[in-house]
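Asks: One structure follows; several queries about it will come next.
The values are calculated or read from the model by the stated rules, or taken from the named source; none is laboratory data. Being a predicted model, the structure only gives us computed values, none of them experimental. Here the Cβ is made from the backbone with ideal geometry for all residues, glycine too, and neighbour counts use every protein chain on show. Accessible surface is based on the protein model in full, side chains and every heavy atom, while ligands, DNA and RNA are left aside. Shrake-Rupley method; radii C 1.70, N 1.55, O 1.52, S 1.80 Å.
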Amino acid sequence: MINKFVAKEGIPYIYISFAIFIFSYLFICDTLAVLALFVCIFLLYIYRDNLKVKAKVDVLVSPVSGEVIAIDKVDSQNVIYLDVSLLDSHILIAPKDSFFKEEPHRNGLNLCSDSYKAKELNEKRVLSFDDMKVELISGRFNISHPFSKEKEVSQYQKMGTFINGIVKIYIPTSYKLNIKQGKKIKAGEVL
């Protein structure tokens, strides 16, 4: 039942916080129980699975929800920077039908994603698709989750979760962008 509404990556954390709530309510104190209940509700909100089934389109879609903080041109690619906060939807989806490959995972720290040191020292994952790539740089509150091992993905297919940090989307300049800096976009919206 809970699998319909919550991402599978968050279920262990939700169960643990709920067990702490029950244990502290029965044996320790009500204050700790209320705090554990709030943590459980917050985790339910973070790991909610609110993606709706959409028809496939022939353009790129956003792999995650967030705010567009910058759009750059580097060589022959556009680079879109998305800031993913704790209040966004955290489900990571495939932006197009393509061959998918995860480059070697770089472990790191969980510093505030606004600093220069964070861009160099934080945990980083790079997901490569046919002609584009998605770089995930973790923030303070990110928990490392494995991504789907499938090599062939279809558009809107769930690949994993990304809680907090910066997402860089590298797109060839041949694609026309329909987004502007400062705009909040949801996972699955056309780029």
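Asks: Let me confirm something: among Val134, Val126, which residue is part of a strand (DSSP E or B), in contact (Cβ under 8 Å) with a residue 40 or more places away in the chain and under 28 Å from Ile11 (Cβ atoms)?
Replies: Numbers: Val126 fails: in contact (Cβ under 8 Å) with a residue 40 or more places away in the chain.
Only one candidate passes the filter, namely Val134.
Asks: Could you go through the stretch 28-38 and let me know if any residue there is surrounded by 15 or more Cβ atoms within 10 Å (Cβ to Cβ) and among the aromatic types (Phe, Trp, Tyr).
Replies: The answer is no, given that none of the residues of the stretch 28-38 is surrounded by 15 or more Cβ atoms within 10 Å (Cβ to Cβ) and among the aromatic types (Phe, Trp, Tyr).
Asks: When you scan the stretch 77-100, how many residues do you find that are over 19 Å from Ile179 (Cβ atoms) and over 17 Å from the mean Cα position of the chain (by Cα)?
Replies: Residues in the stretch 77-100 being over 19 Å from Ile179 (Cβ atoms) and over 17 Å from the mean Cα position of the chain (by Cα): 3 in total.
Asks: Separate question: Within the stretch 155-171, track down each residue that is open to solvent by 10 Å² or more (accessible area, probe 1.4 Å), part of a strand (DSSP E or B) and out of contact with any Ser or Thr (no Cβ under 8 Å at 6 or more places or on another chain).
Replies: Lys168, Tyr170
Asks: Tell me which residues, restricted to the stretch 68-101, are open to solvent by 50 Å² or more (accessible area, probe 1.4 Å), assigned to a strand (DSSP E or B) and either modelled with pLDDT under 80 or out of contact with any Phe, Trp or Tyr (no Cβ under 9 Å at 6 or more places or on another chain) (or both).
Replies: Of the stretch 68-101, the ones open to solvent by 50 Å² or more (accessible area, probe 1.4 Å) are 69, 71-77, 87, 97, 99, 101.
Narrowing the set further to residues that are assigned to a strand (DSSP E or B) leaves 69, 71-74, 77, 99, 101.
If the condition is that a residue be open to solvent by 50 Å² or more (accessible area, probe 1.4 Å), assigned to a strand (DSSP E or B) and either modelled with pLDDT under 80 or out of contact with any Phe, Trp or Tyr (no Cβ under 9 Å at 6 or more places or on another chain) (or both), then Lys73 is the only one that fits.
Asks: A further question on this structure: Need the failing condition index for Ala19 against (1) touching a residue at least 24 places away in the same chain (Cβ under 8 Å); (2) more than 22 Å from the chain's Cα centre (by Cα), just the number.
Replies: So Ala19 meets the others, but not (1).
Asks: If you don't mind, another one. When the residues of the stretch 57-67 are narrowed to those that are part of a loop (DSSP other than H, G, I, E, B) and out of contact with any Ser or Thr (no Cβ under 9 Å at 6 or more places or on another chain), which ends up surrounded by the fewest Cβ atoms within 10 Å (Cβ to Cβ)? Please lay out each step first, then the result.
Replies: Within the stretch 57-67, the first condition is being part of a loop (DSSP other than H, G, I, E, B), and the residues that meet it are 57-60, 62-65.
Next, from what is left, pick out any that are out of contact with any Ser or Thr (no Cβ under 9 Å at 6 or more places or on another chain): 57-60, 62-63.
Numbers: Val57: 12, Asp58: 7, Val59: 12, Leu60: 22, Ser62: 22, Pro63: 26.
This residue is Asp58.
Asks: A further question on this structure: Hey, Ser174 hits all of (1) open to solvent by 80 Å² or more (accessible area, probe 1.4 Å); (2) farther than 26 Å from Ile46 by Cα; (3) among the polar types (S, T, N, Q); (4) touching a residue at least 40 places away in the same chain (Cβ under 8 Å) but one; which does it fall short on?
Replies: Condition (4) is where Ser174 drops out.
Asks: Okay, next question. List, please: which pairs have Cβ atoms under 9 Å, are six or more places apart or on different chains, and start with a residue in the stretch 54-70 that is under 12 Å from Val190 (Cα atoms) and end with one that is exposed (fewer than 13 other Cβ atoms within 10 Å of the Cβ) and among the basic types (Lys, Arg)?
Replies: Correct list of pairs: Val59/Lys176; Val61/Lys54.
Asks: So Ser24 clears everything in (1) open to solvent by less than 90 Å² (accessible area, probe 1.4 Å); (2) within 30 Å of Ser174 (Cβ to Cβ) except one condition, right? Which one?
Replies: All conditions are met except number (2).
Asks: All but one of (1) surrounded by fewer than 17 Cβ atoms within 10 Å (Cβ to Cβ); (2) touching a Phe, Trp or Tyr at 6+ places or on another chain (Cβ under 9 Å) hold for Leu121, so report the exception by its number.
Replies: Failed condition: (2).
Asks: If I ask for residues that are assigned to a loop (DSSP other than H, G, I, E, B) and over 28 Å from Ser154 (Cα atoms), which ones from the stretch 25-56 would you list?
Replies: Cys29
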